[in-house]
Amino acid sequence: MISGSTKQWRAQRHRIACWTATAVAACGGPSADGSDNPDPAGSSPSVALLTSGPVSDAGWHAGAYEGLQRIGDSLGWRISHQQTRTPAEFDEAFISYAEAGYGLVFGHGFEYQDAAERAAAQYPDATFVVSSGSRAAANLVPLIFRLEEAAYLAGMAAGGVSRAGVVGMVGGVEIPPAKGTFLAFGAGVAAVNPEATVLETFTGSWDDVAAAKEAASAQLRRGADVLIHNVDAASFGVFQAVREAREQRGRAWAFGMNRDQNAVAPEVVVGSAVIDIPALFLQAAVAWHEGSLRGAPRAGLASGAVDFVPNPALADVVPADVEARIAQARRDIASGALEVPRIRYLEEDTLPAASPVQPPPN
Amino acid sequence: MADVGVFASFLAAAAGLAIPLALAALGETVSERAGVINIGLEGSVIWGALGGAMAGLAAGPYAGLAGGAIAGTAAALLFGLFAVGLNTNQIITGTAVTIGSLGFTGAVFQSRFGATGLALELKTVPSWKLPLLSEVPLLGPVLFDRAPTFYVVYLLAPALWWFLFRTRWGLALRSVGEAPDAAHAAGIGVIRTRMLAVLFGGFMAGLAGAHLCLVHTGTFSENMSAGKGFIAVAVVVLGRWNPPGVLAAACFFGAAEALQYVLQAANADLPYPLFLALPYVLSLAALAGWFGRSRAPATLALPWPR
């Protein structure tokens, strides 16, 4: 626990140090602490994480940060985290970590693909993992989360919860992984209520709470009574819009995404489509250390690393018959009998030919 | 009926999105009239949001608004000490304040509330329902049954116009932006005037940030300023450095953003990013002088004494 908070403080101190040195220079360098440089010949591997938004989003980025912490805590490895905002910063951060001897660098999101690819070509000794990445190489590993499978189950629940027959989805940037979760969510809604209308809005920002709230409110005023999001910190705005709509119109619910957000807004979040990012990051790190991290590891419902997690406090909101159908669908998806619609953004032809596609990690 | 519903939804969203822009842009108008362009406005907005959230948690929503305004002023003070006091480049200093503020507020938030975050539930500022005006159909509930920050904007736009163009102090402030040497010769304290104008800009931007937390969303997250400080600078250009024009421009930006959400929620198959781009295109057109003569204060962004 103490070591965890120390690392946390180190990350913060890094940001503060960045701030003091900000005037012109971008904040490069994996660590503000000069003595922190890993010894390339040393025994303890070094792992770094890049996120494009704040890790205090209680969602997508928070999960990755927890994963990094878990690698540090349970393996005792050196860890470092940086928030990078622009594609130019992506490149710079990958390069500075590789230069500093970090052997494994996670870029947490589809947006890191291009920069990771350039860094992987330049630094063959380091391994770059891109969450929801689209292309692979010998030292470039896309980590595929089949979040669609959980989003489909969440959609079934939403279809059962909605009385208005209108369900809304609020997204950040229109990238294939995000569109895929909405595609599956909509299919899940339709599976339970074929008459339902599904609204879709992208705000263009993962963090803009005000924008997400307005987008959510616009959907709620259009008659939606159940919303799901695929944004990061902006999700707080979606939950807040649902709370207000409930005060004004009486009935409104939300679903969480990426991480178990049932406790983030416990009275409105019926359930969450969850990726166990911490466990998957830890598995990837161990596999990397053993030399078996290659191809494009995929995690779906079958592995248990992706799932729809109902909020126990609101267990009676979802009708019992829908709950039974969700349980059946979960089994069917895991067994392969039910194929959830998805957007295939992974370019399979880039997978290294010598290495067969890995089975889903367990 | 459905159309009225869509229209009312649009108006509500437009007003909600315009007010924080208007607050920040009205402050920036005064600052730019004095010859200082403060790109660090974005930093003041995020400090205002964090200050507003923390003061709001400790002492209630009205104290939160005050705390946000003070936090925004503090960020502007940092900018002013360098850009006005030491004559550093205004654009670079403002960029530094913004980047630093985004990082620093994140560090403060994480050390106070945990690294992986939680959705703060802030008590919001209640609406003040104005008698009669709030009864006006359609517009009444949208404009006159709102939090006091809305009324600050309605009152401040004409008041600032009167101040800038009808008072001695306003004339002095504008002369500092147009011809600081002449103003100095006339006995006006150029540095002091610029500093006060910058602090007022920071105060208003901080209020805008507190509004985001305590009126608009009822929560705080890192980066929630989301470029609103930068957009406010564009709003000032489109409003041609004239407070009522700036208010109109803020409404226009708010309306364009609201339109895309309402259109998307209505499942209208329109290229919504175009609507988002429109205000910026018009700002460029305003800068190019397409809407009559529009001139920035003559010494905008220039140090003094040179």
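Bear in mind these aren't lab numbers, they're just calculated from the coordinates by the rules spelled out. For clarity, every value in this text was computed on a predicted model and none was experimentally measured. Counting neighbours? That spans all protein chains shown, and the Cβs are built from the backbone with ideal geometry, glycine included.
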Out of B:Leu77, B:Ala250, B:Leu11, whose Cα points farthest toward the positive end of the dipole of the protein assembly as shown (charges: +1 Lys, Arg; -1 Asp, Glu; placed on Cβ)? B:Leu77
If you count, for each residue, the other Cβ atoms within 10 Å and average over each peptide, how do B:270-277, A:130-137 line up from highest to lowest? A:130-137, B:270-277
Under Karplus coefficients 6.51, -1.76 and 1.60, residue-wise ³J(HN,Hα) of region B:81-90 in Hz, glycine/proline x: 4, 7, 6, 9, x, 10, 6, 6, 4, 5
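I'd like the antiparallel share, as a percent to the nearest 5, of DSSP beta bridges with both residues in the protein assembly as shown.
Working: 8 of 47 bridges.
Rounded to the nearest five, the antiparallel share is 15 percent.
In debye, nearest 20: dipole of chain B around its Cα centre with unit charges on the Cβ of K, R (+) and D, E (-)?
Numbers: 15 positive and 12 negative charges, 180 e Å.
Using only the charged Cβ atoms, the result is roughly 860 debye.
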Placing +1 on the Cβ of each Lys and Arg and -1 on the Cβ of each Asp and Glu in region A:260-356, which of A:Val269, A:Pro310, A:Leu282 has its Cα farthest towards the positive end of the resulting dipole? A:Leu282
Going residue by residue through region A:230-237, the Karplus relation 6.51 cos²θ - 1.76 cosθ + 1.60 with θ = phi - 60° gives ³J(HN,Hα) values, rounded to whole Hz and with x marking Gly or Pro, of 9, 10, 9, 4, 5, 4, 4, x
So what J values fall out for region B:213-221 if you push phi through Karplus, 6.51 cos²θ - 1.76 cosθ + 1.60 with θ = phi - 60°, rounded to Hz, Gly and Pro as x? 6, 9, 10, 6, 10, x, 7, 10, 9
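Taking all pairs of distinct Cα atoms, average 1/r, flip it, and tell me the Kirkwood hydrodynamic radius of region A:169-280 in Å to one decimal place.
On the way: mean 1/r = 0.0719 Å⁻¹.
So the Kirkwood estimate lands at 13.9 Å.
Counting only other chains, what is the mean number of Cβ atoms within 10 angstrom of the Cβ of each residue in peptide A:243-252? Don't skip to the answer; put the middle values down first.
Numbers: counts 3, 3, 0, 0, 0, 0, 0, 0, 0, 0.
Partner-chain Cβ atoms within 10 Å, mean over residues of A:243-252: 1.
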What average count of beta carbons from other chains do you get within 10 Å of the Cβ of residues in A:332-345? 0
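Starting with the highest mean, order A:97-109, B:134-146 by the number of other Cβ atoms within 10 Å, averaged over the residues of each peptide. Walk me through the numbers on the way to the answer.
On the way: A:97-109: 23.9, B:134-146: 15.5.
Descending packing order for the listed peptides: A:97-109, B:134-146.
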Pairing the Cα long axis of helix B:243-265 with the longest principal axis of chain B, what angle in degrees results, from 0 to 90 and rounded to the nearest 10? 30 degrees
Reference-scaled alpha-carbon Rg (2.2 N^0.38 Å with N residues) for region A:272-337: 1.43
For A:Gly53, what residues show an amide H to amide H distance below 5 Å, using hydrogens built from the backbone and excluding near sequence neighbours? A:Thr84
Per the C-alpha gyration tensor (a ≥ b ≥ c, the square roots of its eigenvalues), region B:1-134 is rounded if a/c is under 1.5, else prolate if a/b beats b/c, else oblate; here it's oblate
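Quick check: from the Cα gyration tensor, does the protein assembly as shown come out rounded (a/c under 1.5), prolate or oblate? Spell out each step's value before the answer.
Details: a/c = 2.15, a/b = 1.33, b/c = 1.62.
Oblate shape, in that a/c is at least 1.5 and b/c is the bigger or equal ratio.
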Using Cα pairs under 8 angstrom and six or more residues apart, how large is the relative contact order of chain B, in percent? 37 percent
Roughly how crowded by other chains is peptide A:257-268, in terms of the mean Cβ count from those chains within 10 Å of each of its Cβ atoms? 1
To test your reading of the geometry: what angle, between 0 and 90 degrees and rounded to tens, separates the Cα axis of helix B:148-166 from the longest principal axis of chain B? 30 degrees
What nm distance separates the two modelled labels at A:Ala327 and A:Gln248, each placed 7 Å from Cα along Cα→Cβ? 3.9 nm
Could you tell me whether region B:208-306 comes out rounded, prolate or oblate from its Cα gyration tensor? Rule is a ≥ b ≥ c as square roots of the eigenvalues, rounded for a/c under 1.5, then prolate if a/b exceeds b/c, otherwise oblate. oblate
Evaluate Rg over Rh across chain A, taking Cα atoms for both radii and Kirkwood's formula for Rh. 0.98
